[in-house]
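Encoded as structure tokens, the structure appears first; notes follow it.
The values are calculated or read from the model by the stated rules, or taken from the named source; none is laboratory data. In this text, all values refer to a predicted model and were calculated from it rather than measured experimentally. All Cβ positions, even for glycine, are placed from backbone atoms using ideal geometry, and neighbour counts span all protein chains on display. Each accessible area value is taken on the protein alone, full model and side chains, heavy atoms only, with ligands, DNA and RNA left out. Shrake-Rupley method; radii C 1.70, N 1.55, O 1.52, S 1.80 Å.
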Amino acid sequence: MWLYIFRRTLLLIPIFFVITVVVFSLIHLVPGDPISSLLGPGSTLDDRDALLIAYGLDQPLWIQYLRWIKDFVMGDMGQSIIEKQPVADMIFYNMPFTLRLGLLSLAISFFVGITLGIISAVKKNTIIDYISMIIALLGVTVPAFWLGLILILIFAVELSWLPVSGSGGIEYLILPAISVGLGGAGLVARITRVSMLEIYNQDFVLLLHAKGISQNAIVIKHILRNAIMPVITILGLRLGFILGGAVSIEIVFGRPGIGSMLLTALFRRDYPVVQASLIFLTMAVIIGAFITDIIYSYADPRVRDLYK
Amino acid sequence: MLKVSDLAVEFTVDKKTIRPISGISFEMQKGEVLGVVGETGSGKSLTAHAIMGLTSLVGGKISGQIVFEGKDLLSKSHKDMQSIRGAEISFIPQNPMTSLDPVYRVGDQIVEGLLKHLKITKWAAKKRAIELMEQLRIPNAERVFEQYPHQLSGGLKQRIVIAIGIGTEPKLIIADEPTTALDVTVQAQIIRLFKELTVANNVGLLLITHDLGVIAQICDKIAVMYAGNVVEHGDIKTVFSDPKHPYTRALLDCIPYIGMKKGSLKAIEGNVPTPSNFPKGCRYSSRCPYVIPQCKTEFPETIELACGTKVTCNKFDLNLPRH
């Protein structure tokens, strides 16, 4: 098992380099450059050339890449061309906001989704099942930013229970986390239901009933335990999605975060910032999948044996 | 010890009601082995599930009477049945390959039942589970205890399932084709094991199978099922030597024997009718070579003959030729 984790970790290194090449090429393929944002009105072509040379943007792309990757590997993510501060500082300032939002909404997705899924599966084809599946469907289909606006309207503006926007204590986190988390909860609920119903019909469940085990113990200890695998996969993949995809929510709630930082940098072609935050997000997806694999092999002895 | 009378199970699918089994009656005594035999689709497994009180899980409506040790099982609450199932009546399922929870160690799955029904500590339950496994001649029982189902062979899994079935010392064991999934060599071992268990612990064994060879080896009594009915029920020796129902006769004729002519292997023409189109009269009438017009219109009565055999056939007094 440890050998497997070690091998998987080593594999992250080549993946990292492939990502840097892709991210670097993509951003430089987009027309426009940061210099235009820096130049004031009335500046000449000479001013432009001077700036290009100052930032090394006159060099061939592959030299630019090598310079950047060399510094990046040494732990220097460079300077923001526009903001004039180290990219690392910007990332480390914004990351906790994104992580907190991401993890809390993931937890909401997990607990709300699993609960709805269990209720639906146990009460299959009853009115309770239909109601919770409609809630799940709404969760999947309603866009997070719209839900965010409605939640602000109800809980912040009308009821004044929670702050409208900004960041700070947990009270600032609740509405954005619900907005992002409910979508995942809908997905998790539907997958939990389907997966549990599939397990329901398996032979071992019949034997559990024949053993005289109580219905509740069978549902939680056995059926849910077996049905949880696809849910873990979905949540692992969602971790990356939430970290990167929370942009609209960060904007709706006026929160700092990697998403809104990336968006601003993108509009201004602030290459170093865009590159670093894209790499952060892609690595988050990959590490999410990696963690999923490890949890998976702990949860399912059959998978564990495959990796021996 | 167990008396089943006029048992029927009803399902409603798409507003249509079907009764896959009906009019099931048989009885068995302590320490006896009753073989329930019949083709696929004859309702053997459903009968077993009905006795265990498991048909309600899949929406079946049950009627008739099941008396076990003087207790009327059909009047018991859900909760009461939970404490009878696995404790007094245990079940050994059809397919050992898929009957264990894949994510728990097999030992813990034996322990789970023991903890539920016996008032013992976790540690004592583990000790008892290992004893059971050794009693079932599982080599390296302590190591196997720690293993997961996918790491064990079919024969071992079967023994784990049997250990679950006998661990709580039930008075009645219902085994649903316990050997179908196994190699012939292992089958014989398991059958012998069952015989030993019933004799040693004086428990009743209701053995469901379509293998008449197995029945001949260990059963005391037999109930022959066809299309959801028991058509013949009696002492094994009497039924085997002098079958009264044409269906029993035909089943016995299908057993190949050494020295038979090549190409003379017999089969019963046609198929078992499905519950949605059971014939109006005798359900075997569509395949019976001795059919008379009355069979097609009237459901035959069950008659107890002088030899003790109960048979459900209009032509029970027929002297069926031996092959």
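When you scan segment B:159-172, do you find a residue that is more than 25 Å from residue A:220 (Cα to Cα) and of a type in the set (A, V, I, L, M, F, W, C), even just one?
Within segment B:159-172, the first condition is being more than 25 Å from residue A:220 (Cα to Cα), and the residues that meet it are B:159, B:166, B:169-172.
Filter once more, keeping what is of a type in the set (A, V, I, L, M, F, W, C): B:166, B:172.
Checked segment B:159-172: at least one residue is more than 25 Å from residue A:220 (Cα to Cα) and of a type in the set (A, V, I, L, M, F, W, C).
Tell me, which helices (runs of 4 or more DSSP H) lie completely within segment B:77-178 with 1 or more residues that are in contact (Cβ under 8 Å) with a residue 40 or more places away in the chain, crowded, with 22+ Cβ neighbours inside 10 Å and of a type in the set (Gly, Ala, Ser)? Don't jump to the end; show me each part of the working.
Numbers: elements: B:78-84, B:106-117, B:122-135, B:141-145, B:154-166.
Filter on segment B:77-178 gives B:106-117, B:154-166.
Does any residue of segment B:299-314 turn out to be at positive phi and at pLDDT below 85?
Looking for residues that are at positive phi and at pLDDT below 85, one finds at least one in segment B:299-314, hence yes.
Looking at this structure, is residue A:237 modelled with pLDDT under 85, open to solvent by 40 Å² or more (accessible area, probe 1.4 Å) and hydrophobic (A, V, I, L, M, F, W, C)?
On the way: modelled with pLDDT under 85: yes; open to solvent by 40 Å² or more (accessible area, probe 1.4 Å): yes; hydrophobic (A, V, I, L, M, F, W, C): yes.
Answer is yes for this residue.
Residues of segment B:91-122 being within 7 Å of chain A (Cβ to nearest Cβ) and within 15 Å of residue B:158 (Cα to Cα), which ones?
B:91, B:93, B:95, B:98, B:99, B:100, B:101, B:102
Can you tell me which of A:139, A:113, A:117 is under 21 Å from residue A:233 (Cβ atoms) and modelled with pLDDT under 90? Give the derivation first.
Numbers: A:113 fails: modelled with pLDDT under 90; A:117 fails: modelled with pLDDT under 90.
Of the residues listed, the single one that is under 21 Å from residue A:233 (Cβ atoms) and modelled with pLDDT under 90 is A:139.
Quick check: anything in segment B:38-52 farther than 16 Å from residue B:9 by Cα, of a type in the set (Val, Ile, Thr) and within 12 Å of another protein chain (Cβ to nearest Cβ)? Talk me through it step by step, then tell me what you get.
Filtering segment B:38-52 down to residues farther than 16 Å from residue B:9 by Cα leaves B:38-40.
Filter once more, so that each one left must be of a type in the set (Val, Ile, Thr): B:40.
Those left that are additionally within 12 Å of another protein chain (Cβ to nearest Cβ): none.
The answer is no; no qualifying residue exists.
Go through the residues of segment A:42-51 one by one and say whether even a single one is more than 28 Å from residue A:249 (Cα to Cα), in contact with a Leu (Cβ under 8 Å, 6 or more places away or on another chain), among the basic types (Lys, Arg) and modelled with pLDDT of 80 or more. First the steps, then the outcome.
Going residue by residue through segment A:42-51, those that are more than 28 Å from residue A:249 (Cα to Cα) are A:42-51.
Narrowing the set further to residues that are in contact with a Leu (Cβ under 8 Å, 6 or more places away or on another chain) leaves A:47-48, A:51.
From what's left, among the basic types (Lys, Arg): A:48.
The next check asks that each one be modelled with pLDDT of 80 or more; those that pass are A:48.
Checked against the condition, which is being more than 28 Å from residue A:249 (Cα to Cα), in contact with a Leu (Cβ under 8 Å, 6 or more places away or on another chain), among the basic types (Lys, Arg) and modelled with pLDDT of 80 or more, segment A:42-51 yields at least one hit.
Counting only residues that are among the small types (Gly, Ala, Ser) and open to solvent by 40 Å² or more (accessible area, probe 1.4 Å), how many does segment A:48-106 have? Spell out how you get there, then give the answer.
First, the residues of segment A:48-106 that are among the small types (Gly, Ala, Ser): A:50, A:54, A:56, A:75, A:78, A:80, A:88, A:102, A:105.
If we keep only those that are open to solvent by 40 Å² or more (accessible area, probe 1.4 Å) as well, we get A:50, A:54, A:75.
Number satisfying all stated conditions: 3.
In segment A:37-47, how many residues are surrounded by 11 or more Cβ atoms within 10 Å (Cβ to Cβ) and among the polar types (S, T, N, Q)? Let's see the steps before the verdict.
If we filter segment A:37-47 for residues that are surrounded by 11 or more Cβ atoms within 10 Å (Cβ to Cβ), which is where we start, we get A:37-39, A:43, A:47.
Checking which are among the polar types (S, T, N, Q) leaves us with A:37, A:43.
Here the count works out to 2.
For segment B:55-83, what are the residues that are at the interface with chain A (Cβ under 7 Å from one of its Cβ atoms) and either among the hydrophobic types (A, V, I, L, M, F, W, C) or within 30 Å of residue B:15 (Cβ to Cβ) (or both)? Can you show your working first?
Filtering segment B:55-83 for residues at the interface with chain A (Cβ under 7 Å from one of its Cβ atoms) gives B:57, B:82-83.
Hit for segment B:55-83 is B:57, nothing else.
Would you tally the residues in segment B:57-108 being over 30 Å from residue B:146 (Cα atoms) and not hydrophobic (A, V, I, L, M, F, W, C)? Step through it out loud before you land on a result.
So in segment B:57-108, the residues over 30 Å from residue B:146 (Cα atoms) come out as B:57-81.
Of the ones still in play, those that are also not hydrophobic (A, V, I, L, M, F, W, C) are B:59-61, B:63-65, B:69-72, B:75-80.
Adding up the residues that qualify gives 16.
Any idea which of (1) touching a helix residue (DSSP H, G or I) at 6+ places or on another chain (Cβ under 9 Å); (2) among the β-branched types (Val, Ile, Thr); (3) not in a helix (DSSP H, G or I) is the one residue B:258 doesn't satisfy?
Result: residue B:258 fails condition (1) only.
Do you know which residues across segment B:216-245 are in a helix (DSSP H, G or I) and surrounded by 24 or more Cβ atoms within 10 Å (Cβ to Cβ)?
Residues of segment B:216-245 in a helix (DSSP H, G or I): B:216-218, B:236-241.
Matches in segment B:216-245: B:239 only.
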